Amino acid sequence: MEPETPAPDAHAAPALTPLPAPPPSKAWQRVLLARHAKRPHSLDYIERLFTHFHEIHGDRAFADDPAIVAGMGFFEERPLMVVAEQKGRDTKQKLLRNFGMPKPEGYRKALRVMQIAAKFGRPILTLLDTPGAYPGIDAEERGQAEAIARNLREMSRLPVPVICVVIGEGGSGGALALGVGNFVYMMENAVYSVISPESCAAIIYRDASRGEAAANALRLTAEDLLEFGLIDGIIPEPGEGAHTDPDAAAGALRETLRWALDQLTPLTGAQLVEHRYDKFRKMGNFFL
Amino acid sequence: MPWFRRDKPLAKGEEGEKHVRTEGLWLKCEGCRQIIWKKDLEANWNVCPKCGAHARIDAAARLKLLFDGPYEVLDANLCSSDPLGFVDAKPYAERLAATQAATGLSDALISAAGTLAGRRVHICAMEPKFIGGSMGCVVGEKITRAIERSLEQRVPLIVVSASGGARMQEGAISLMQMAKISAALMRLDEAKVPFLSVLTDPTTGGVTASFAMLGDLNIAEPKALIGFAGPRVIEQTIRQKLPDGFQRSEFLLQHGMLDAVVPRVRMKEYLANALTFFCGPVT
């Protein structure tokens, strides 16, 4: 005779959840919004803010990197050089843009274009939106670190106004490589961090799925960076985030950009370099 | 009844097994897996006398290797205030205090001034044992101050890197040190004061992607791991095993990213020669 399968015990303690799952923390919400599938990307802003935008391609050495869009445009009649990290929307675009992860040739194109702007006295706008610089064999072979390092040094001596805006993900050195500006802004729901929350969690908790906890620890929101004196301002986003009304988000960026250009345009090249240097020189005075 | 009998009693002191303390006297070389007398290794600046593998050395040994004699340590008491209040397995503040106690250093870098082959130089040496040699606000500030002193006094600067990159526990503040140091190096560059970057095992992440790659010369020790992304991150991204020698000094030299690969025992000579070439003979 087969043993009877035990009937579900009517007296066993039922498993209950005492509270609904907590809503995501503010930092994690920001991470999710910064990566939102419908969040406006660089080209969405460029088409709303500029007239006569024409791209400039290639690093003159190896290739053209579609993860960085660079070009000449006119912002309210003023000529402005734009250098921006670009993510893709659909699968095909994502692959083309390498998920917004630039390779060395992208950073070298960016520098080449910024130096053209410097030569002709045109202000520069950079838009930062990347999970990080591409970590691959070919990128290492061609000197990813050298390309980023050179941009950091060379951007600091550009004798023209440089305005940087983190519009989505400010992914570590890959974002900073375009981020040495006189004014550095973050969109309200953008994040800017030394390491992605997932990678940080993989290191400190040995569990990449605990990104939310790591996001809290890393202090990566716009308010955090403003508090630490690492950025100059926060650009408000409409409603639940920029994706709910891209036109309004672009409008807020327009206001800020106009303000920044009005402040910086009267300065001489030497003053601009000095201003930028002074700002970064003061970053990180947190000593006992 | 035993077949053999000891006629004479045991000599004094021969009883039982002999015990000689050997722990810590011998080391196994990571390169050739041979056993090496620890003192031989130390006398050779931690370079294996049998296969030439370069084991890591700490910042103090590095300074001793490069300076002619005594040197002056600068900004020694700069300590991070843990601006983020970062907590992982244990609070960052506790981790810092423990590491400070273990190493006797305030952070992952010693900034020093002295003479190299008779010439006055500033040398910053990173300490790989201090939270992976990572760069937070203290490392950033110390290097920046060293650059400023070099600029003011027109004294050549040498930075010896050994670091996993920017320090996660100080978040974006660490990140911005990359820009701060690189901007200061721009000024040194404009003033035409030499900056020599020495890359040692390991130099990765935000340190490679800022000052370590910005030397007038970038010189590495043999077989040092040098790169932007760590090998594990790359393996996860491309889901393949990386080839042997990938991201090692010789690989970077082959790809045009380094000016020279120089063995540790020849490093001082190489640097002295470069400085004589750039600045003329010592007066």
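The values are calculated or read from the model by the stated rules, or taken from the named source; none is laboratory data. This one's a predicted model, so the numbers in the text were calculated from it and none came from an experiment. FYI the Cβ positions are ideal-geometry reconstructions off the backbone, even for glycines, and counts take in every protein chain you see.
Side notes on the structure shown:
- Any hit, the stretch B:194-212, residues being in contact with a Lys or Arg (Cβ under 7 Å, 6 or more places away or on another chain) and within 29 Å of B:C48 (Cβ to Cβ): yes
- Within the stretch A:36-83, the set of residues being of a type in the set (D, E) and touching a strand residue (DSSP E or B) at 6+ places or on another chain (Cβ under 8 Å) comprises A:E47, A:E55.
- Every condition in (1) in a loop (DSSP other than H, G, I, E, B); (2) touching a strand residue (DSSP E or B) at 6+ places or on another chain (Cβ under 9 Å); (3) farther than 23 Å from B:R56 by Cβ holds for B:P243 except the one numbered (2).
- Of all residues in the stretch B:228-242, those that are at the interface with another protein chain (Cβ under 8 Å from one of its Cβ atoms) and free of Cβ contacts under 8 Å to residues at least 40 places away in the same chain have Cβ atoms under 8 Å from Cβ atoms of residues that are among the aliphatic types (A, V, I, L, M) and outside any loop (DSSP other than H, G, I, E, B), 6 or more apart or on another chain, in B:F228/A:A139; B:F228/A:A145; B:F228/A:I148; B:A229/A:A139; B:I234/A:I137; B:I238/A:I137; B:L242/A:I137; B:L242/B:I234.
- Scanning the stretch A:28-51 for residues that are farther than 24 Å from A:G211 by Cβ, assigned to a helix (DSSP H, G or I) and more than 13 Å from the chain's Cα centre (by Cα) yields A:L43, A:D44, A:Y45, A:I46, A:E47, A:R48, A:L49.
- Candidate set from the stretch A:219-231 (those that are crowded, with 18+ Cβ neighbours inside 10 Å and assigned to a loop (DSSP other than H, G, I, E, B)); member that is farthest from the chain's Cα centre (by Cα): A:F228
- Among the residues of this structure, A:G179 counts as one that is in contact (Cβ under 8 Å) with a residue 24 or more places away in the chain, at the interface with chain B (Cβ under 10 Å from one of its Cβ atoms), within 15 Å of the chain's Cα centre (by Cα) and not in a helix (DSSP H, G or I).
- Entirely in the stretch B:135-229, the helices (runs of 4 or more DSSP H) that have 1 or more residues that are more than 20 Å from the chain's Cα centre (by Cα): B:137-153, B:171-190
- Qualifying residue in the stretch A:119-133 (condition: surrounded by fewer than 24 Cβ atoms within 10 Å (Cβ to Cβ), outside any strand (DSSP E or B), within 14 Å of chain B (Cβ to nearest Cβ) and aliphatic (A, V, I, L, M)): no
- Annotation note: Cβ proximity below 8 Å between a residue of the stretch A:147-161 that is facing chain B (nearest Cβ under 7 Å) and a residue that is aromatic (F, W, Y) and not in a helix (DSSP H, G or I) (sequence gap 6+ or interchain) occurs for A:I148/B:F228.
- Any chance B:P202 is farther than 16 Å from B:S111 by Cβ, surrounded by fewer than 24 Cβ atoms within 10 Å (Cβ to Cβ) and touching a residue at least 24 places away in the same chain (Cβ under 8 Å): no
- Residue that is surrounded by the most Cβ atoms within 10 Å (Cβ to Cβ) [pool: residues in the stretch B:214-227 that are away from chain A (no Cβ under 13 Å) and over 18 Å from B:E30 (Cα atoms)]: B:I219
- Identity of the residue in the stretch A:182-215, of a type in the set (A, V, I, L, M, F, W, C), in a helix (DSSP H, G or I) and surrounded by fewer than 24 Cβ atoms within 10 Å (Cβ to Cβ), that ends up nearest to the other protein chains (Cβ to nearest Cβ): A:I204
- Candidate set from the stretch B:57-78 (those that are among the acidic types (D, E) and within 24 Å of B:K39 (Cβ to Cβ)); member that is modelled with the lowest pLDDT: B:D58
- Where B:G256 falls short, out of the listed (1) modelled with pLDDT under 95; (2) not in a helix (DSSP H, G or I): (1)
- Residue count for the stretch A:240-288 satisfying the condition of being part of a helix (DSSP H, G or I) and within 14 Å of another protein chain (Cβ to nearest Cβ): 12.
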